[in-house]
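Presented below is the structure to which this report refers.
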Amino acid sequence: MKLRRLILLVLSLFLLFGLAACDGESGDPIDDGENIATPDDNEKSSDSESSDQVENGSEDSNLDEENTSDIGKRSNPVPIGEWVEFQDSYYESIESMDAIDGKFRLRLTDIERGDAALDQLMEENQFNEPAPEGNEWVIAEFEIEMIDGDEDVPYTVVPFINVMASTGNEITQDEYGTLDGNEFGYVDLFPGGSHSGRVSKYVPIDDESLLVYEIGFDTGIYFSFTE
């Protein structure tokens, strides 16, 4: 009898310790008074982080769009080689009152300045002369593409390009350098068409002047040609 009781006691102890071990290994969270993350909490946290990232990404995107939309202003001129898009209205004829909306992009692709520009002008036309005192010649090459417009009415590219000095003064062109061909402007374009050519202007020597491509009577795109 004593042996049997001893065996039962040993078995009871074994079962007791076995159950305690199982409880300790259970996957249920133990509430010890502290906050414990659950799978639902983790999902909520991930969703919150994703939302923050999306919002931050949207803010960065908006900043990029704002910077892009400002390009071409005097305070943020277009660098050499960079495209800028613009819109312009044109008409089927002088008598027509129905404006056609056209979409374009434009860039300044190359520049020669100072002695190099003067040598080029003299080579192309021996009657060209040095720029007025205090100024130097620049030869700028532009490229324009027509993105959208009327498929039956051409858009005429007119080279209204002025010079704005860093002082804020427009440099009126009283003399002109003549180029021997490949000049910019006075061509017709339809959507998908493109054109490139050169213009010659004089600017104050060593001044960070800007070239202004005039659109209509009150809008201009400013280009920097200082590398």
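Tabulated data for the structure shown
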| quantity | calculated |
| --- | --- |
| Odd one out for residue 159, checked against (1) in contact with a strand residue (DSSP E or B) (Cβ under 7 Å, 6 or more places away or on another chain); (2) closer than 17 Å to residue 108 by Cβ; (3) modelled with pLDDT of 95 or more | (3) |
| Residues satisfying the stated conditions in region 176-227, i.e. of a type in the set (Val, Ile, Thr) and in a strand (DSSP E or B) | 187, 199, 203, 212, 215, 219, 221 |
| Matching residues, region 185-227, being acidic (Asp, Glu) and under 19 Å from residue 139 (Cα atoms) | 206, 207, 208, 214, 227 |
| Scope region 115-134; condition surrounded by fewer than 19 Cβ atoms within 10 Å (Cβ to Cβ) and either touching a residue at least 24 places away in the same chain (Cβ under 8 Å) or touching a helix residue (DSSP H, G or I) at 6+ places or on another chain (Cβ under 7 Å) (or both); matching residues | 124, 125, 127, 129, 130, 132, 134 |
| Residue, nearest to residue 110 (Cα to Cα), within region 137-153, restricted to residues that are surrounded by fewer than 20 Cβ atoms within 10 Å (Cβ to Cβ) and in contact with an Asp or Glu (Cβ under 9 Å, 6 or more places away or on another chain) | 141 |
| Residue count for region 124-162, restricted to those that are more than 29 Å from residue 101 (Cβ to Cβ) and either touching a Leu at 6+ places or on another chain (Cβ under 7 Å) or assigned to a strand (DSSP E or B) (or both) | 8 |
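The values are calculated or read from the model by the stated rules, or taken from the named source; none is laboratory data. On a predicted model such as this, the values are computed, not experimentally measured, just so you know. So basically every Cβ, Gly included, is an ideal-geometry build from the backbone, and we count neighbours across all protein chains shown.
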